[in-house]
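The block underneath contains the structure these notes are about, expressed in structure tokens.
The values are calculated or read from the model by the stated rules, or taken from the named source; none is laboratory data. On a predicted model such as this, the values are computed, not experimentally measured, just so you know. Here the Cβ is made from the backbone with ideal geometry for all residues, glycine too, and neighbour counts use every protein chain on show.
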Amino acid sequence: MLVRTGRADGAVGVQLSVLAEPPSAEVVDRQERAYDEIVEVSWHTEAGFASVVGAPGVAVPGQLREQTPPWPGDYRMRVAARGRDDPAPDGPYPANESYELLVWPAPHAEPLVVRQTDRLGHRLRGQDEPAPPPHEKYRWVRGRTSVIREAATLTVVVGTGWEEVLRLFGAAPGGARSLHSLMDAPDRDSWLALLPVPGADVVIVMEENGFAGADGERVAALSRGGLAGSVFWNINAVTRLSLARAGRLLAAEEINESLVFEAGERALLDGIDLTRWEDRVPKGLLILERFTGHSLHPGDIDRLWNDSLAHRVRT
């Protein structure tokens, strides 16, 4: 069996599990939420101890060598791939490419295509590529060179001035520094950076390692002059989207399929699949853009990180 990768060379993540029986419904559901391509095939081996290998001469980890049962027979393999399309921000290779292989004894059966959604797979099969998902424009936030890849809170406020936004966050107006300069400070969590957008009644707030902007009551207060919304995420894959209009909180929920809007707001979710686990932060940022009417750009993050725009929150 041959599995085509998105990378021309280098390492990709591979997990191999040998099962005594077909995967459980829980495992199947997890894969279908997390992977872009999933295929099942039958496989007959005349000898046991099959291995996962790479290109000729390339060493593979010990946990992938001779891991299938030591006896011959008929088996079923479920191959799941993800991240083959993800552009790496600092090079031509995918950033988050990984594979999960499940093997279990089973009689021969026809191949089963469970999911075929990545663009690389379509190219390899000679098919027209699907259009990229609408949230792709925000994948740069989770790129390897992004300073907020692992954790941050981004808040967008429309219709409320910079000084009032600062006050509602409980921050002092003086002593501005850059978030970058606070990396080794013991109180770095108590700072946030504010960027007024020239020519627009918009203020962007960034917390590199804080979550004041994820507080529903604060988001509602920030929206009294118009609109406010925030997206929070952390290294533990916890996310939160908060949206408010004219002082009324409309949402303060995890970014997943439980996120529901009233009829007038349902267009915010057009084309966004929240049943899939990947890209929840880019999906949340797209919803935030649709709600506030303001798109975020890498240059905004660069200024919020490097310019002296950060103020300390009073404790």
Practice problem: Scan segment 35-53 for residues that are within 16 Å of Pro69 (Cα to Cα) and modelled with pLDDT of 95 or more and jot them down. | Solution: Ser42
Self-check item: Inter-residue pairs, beta-carbon under 9 Å, first in contact (Cβ under 8 Å) with a residue 60 or more places away in the chain and in the same structural domain as Asp201 (by TED's automatic domain parsing) and in segment 164-183, second assigned to a loop (DSSP other than H, G, I, E, B) and β-branched (Val, Ile, Thr), 6+ apart
Solution: Gly170/Thr315; Leu179/Val147; His180/Val147
Practice problem: Please specify each residue of segment 176-232 satisfying the condition of being part of a loop (DSSP other than H, G, I, E, B), charged (D, E, K, R) and over 19 Å from Ala246 (Cα atoms). | Solution: Asp184, Asp187, Glu208
Quiz item: Has segment 245-263 got any residue that is in contact with a Phe, Trp or Tyr (Cβ under 6 Å, 6 or more places away or on another chain), within 22 Å of Val157 (Cβ to Cβ) and modelled with pLDDT of 95 or more?
Solution: no
Quiz item: Is it fair to say Arg119 is at pLDDT 80 or above, surrounded by fewer than 16 Cβ atoms within 10 Å (Cβ to Cβ) and closer than 19 Å to Gly6 by Cα?
Solution: no
Quiz item: What are the residues in segment 246-296 that are assigned to a helix (DSSP H, G or I) and farther than 14 Å from Pro134 by Cα, if any?
Solution: Ala263, Gly264, Glu265, Arg266, Phe291, Thr292
Exercise. Mind listing whichever residues of segment 142-158 are surrounded by 22 or more Cβ atoms within 10 Å (Cβ to Cβ) and in contact with a Leu (Cβ under 9 Å, 6 or more places away or on another chain)?
Key: Thr153, Leu154, Thr155, Val156, Val157
Quiz item: Which residues, taken from segment 130-169, are part of a helix (DSSP H, G or I) and β-branched (Val, Ile, Thr)?
Solution: Val141, Val165
